[in-house]
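The next block holds one structure in the form of C-alpha cells; read it before the comments.
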Amino acid sequence: MHPTGCPGGAFPPYGPGMNETAITVHQTARPHGFPTTEHFAFVESPLPVTPAGSALVENLYWSVDPYHRELMDDVRGGFALDAPLEGRAIGRVIASRTPRLAEGEIVFHRQGWRTHAAVTPEEVRQLPRFDGVPLTAYLSTLGGTGLTAYVALTRIARLHEGEDLFVSAAAGGVGTATGRFARLLGVGRLVGSAGSATKAAHLVRQVGYDAVFDYHDGPAADLLGHVAPGGIDVFVDNVGGEQLAAAVGALREFGRIVRVGTISQYNTPDAPLPRFNYAEIVEKSLRMEGFLVSNYRDLQEELYEFAVPHLQTGRLALDETVVDGFEGIVHAFLGMLRGENTGKTVVRDRTQTPSVD
C-alpha cells in the first residue's frame, strides 16, 4: 500500500473503471481533543488478495459511529496508526473462492472504511432481504445501532409498559431508535435531550417524543425537571456528564440507568466527572448498568422479528442521515461527532444513489 498524498479531507481519483485499485482510510495521528481531517489519509493499493476459502467484497454502504472516536485514542483494542480502519459495512461479493459465498451476494461485515475487503464466510453475515426494507436499515435500525437500543430497553432496563423514559442524545442513531422502539413497547412519557431547538422539535414532531430540551439552554437538572416534572423510571444514557447527574436526581424508586456511551467526554477526556448525590443510589434502590452490544449478537434474529413487520407497515420509520460517496466518509464521521446528523449516519457508494426520474 502507498499513501495517495491525500489527507482525510481530500480524495484520490476513483471510479468504476478503476477496478484494480482499492482505497482504504488510515488514521495517521492520535487526536488531542476533537479530531480533524488531518488525522486521516486515504491510501491506494491493489485489490486485496483472496486466498482459497475467501471472497472479495466491494463495499456499498459504510457506518460511522461514535465509538470510533474512542478507538482513535491509544487504548486497548483501539485503531492502529497507519493501518486500515475498521467498521461496519455492507458490500457485494464480486469474486469468490468459496462455495459458501456466491458472487453477487450482499453481506454485512466489519471491514469498513475501505472500498474493498477480503473476507471469509465466518467474517460476514449473509443478509436476509425483507420486502420494502432498504439495505441502509442493516446499518441503522436493524444493525448495531438498533440492536443497542433494543438491548438497552428489553434486556438492561427491562422497560415496562407505562414507564417514563429519558434518553440523552435523543437525535442520534441510538437515541432515535430508542425512542421509536420505546413507543412500540408501550412507554409512558418519553422525553429526551438534543443539541438544538431544531432537533428537539423534529424529535417531537417526527419521532414520537413527548418533550425534548436543548441541553445548551441551562443546567440539565432544571431542563429535565421542566420536561419530566413527575420524574422518570428509566434513563438511557448516551452522553454521561451533567445529564447523568440530572437523571440520578429525577429517577423514581427502583429506577434504572442504562449506560450506552459517554459522548460528552469523547473529545474532552479531562472534563470533570459528573457529581451527584450517591446516597440516592441506595435510598431510591437505583440500578446502573452498562453493556457492549457485541455481547448480544445472539439477539439479531429477535430484533428482526420485532422491527421488520413495523418497518413494512410504516409504523416504524428509519432515521438516517445518508452521505453519498466514499470520499465523504471522514467528513461524515466528523460531522456526526459535531452533531450535524439526525438519526444514524450512513455513507453510501454513489452507485447506490437512487436515480431521479
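The values are calculated or read from the model by the stated rules, or taken from the named source; none is laboratory data. Treat the numbers as computed from the prediction; the structure is a model and nothing was measured. Every residue, glycine as well, gets a Cβ built from its backbone with ideal geometry; the counts of neighbours run over all protein chains shown.
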Restricting the first residue to region 205-234 and requiring it to be on the phi > 0 side of the Ramachandran plot, which pairs with a second residue that is aliphatic (A, V, I, L, M) and assigned to a helix (DSSP H, G or I) meet a Cβ separation below 7 Å and a spacing of at least six or different chains? Gly231/Ala250
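Do you know which residues across region 110-123 are part of a strand (DSSP E or B) and either surrounded by fewer than 16 Cβ atoms within 10 Å (Cβ to Cβ) or touching a residue at least 60 places away in the same chain (Cβ under 8 Å) (or both)?
Looking only at region 110-123, we keep the residues that are part of a strand (DSSP E or B), and these are 111, 114, 116-119.
Across region 110-123, the qualifying residues are Arg114, His116, Ala117, Ala118, Val119.
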Quick one: what pairs do we get from region 147-176, first residue touching a residue at least 40 places away in the same chain (Cβ under 8 Å), second of a type in the set (Asp, Glu) and in a loop (DSSP other than H, G, I, E, B), C-beta under 8 Å, 6+ apart or different chains? Gly173/Asp65; Gly173/Asp319; Thr176/Asp319
Does Arg189 satisfy the criteria of being at pLDDT 95 or above, of a type outside the set (Ser, Thr, Tyr), farther than 30 Å from Ala83 by Cβ and out of contact with any Gly (no Cβ under 7 Å at 6 or more places or on another chain)? yes
In region 39-60, which residue that is touching a strand residue (DSSP E or B) at 6+ places or on another chain (Cβ under 7 Å) and among the small types (Gly, Ala, Ser) is farthest from Phe333 (Cα to Cα)? Ser54
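List the helices (runs of 4 or more DSSP H) inside region 127-239, counting only whole elements, that have at least 2 residues being of a type outside the set (Asp, Glu) and either within 16 Å of Asn341 (Cβ to Cβ) or not assigned by TED's automatic domain parsing to the domain that holds Lys284 (or both).
144-151, 173-184, 197-202
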Picking from Val347, Val330, Val282, which residue would you name as being assigned to a helix (DSSP H, G or I), under 28 Å from Asp237 (Cβ atoms), outside the structural domain of Val239 (by TED's automatic domain parsing) and not hydroxyl-bearing (Ser, Thr, Tyr)? Val330
Touching a helix residue (DSSP H, G or I) at 6+ places or on another chain (Cβ under 9 Å), closer than 20 Å to Leu159 by Cα and of a type in the set (Ser, Thr, Tyr): which single residue out of Tyr296, Tyr278, Tyr304 fits that description? Tyr296
Suppose we keep only residues that are out of contact with any Leu (no Cβ under 9 Å at 6 or more places or on another chain) and not small (Gly, Ala, Ser) within region 253-272. Which one would you say is modelled with the highest pLDDT? Val260
Within region 147-177, which residues are polar (S, T, N, Q) and crowded, with 24+ Cβ neighbours inside 10 Å? Thr148, Ser168, Thr176
Of the residues in region 298-357, those that are of a type in the set (Asp, Glu) and under 17 Å from the mean Cα position of the chain (by Cα) come to Asp319, Glu320, Glu340
Does Ala247 satisfy the criteria of being within 19 Å of Ile156 (Cα to Cα), free of Cβ contacts under 8 Å to residues at least 60 places away in the same chain and crowded, with 21+ Cβ neighbours inside 10 Å? no
For region 287-297, the count of residues that are in contact (Cβ under 8 Å) with a residue 24 or more places away in the chain and within 19 Å of the chain's Cα centre (by Cα) equals 5
Which condition does Thr120 not pass, out of (1) over 19 Å from the mean Cα position of the chain (by Cα); (2) within 24 Å of Arg315 (Cβ to Cβ), if it passes all the others? (2)
Members of region 33-73 that are free of Cβ contacts under 8 Å to residues at least 40 places away in the same chain and surrounded by fewer than 18 Cβ atoms within 10 Å (Cβ to Cβ): Glu38, Pro46, Leu71
Could you list, in sequence order, all residues of region 74-89 that are surrounded by 13 or more Cβ atoms within 10 Å (Cβ to Cβ) and within 22 Å of Thr145 (Cβ to Cβ)? Gly78, Phe79, Leu85, Glu86, Gly87, Arg88, Ala89
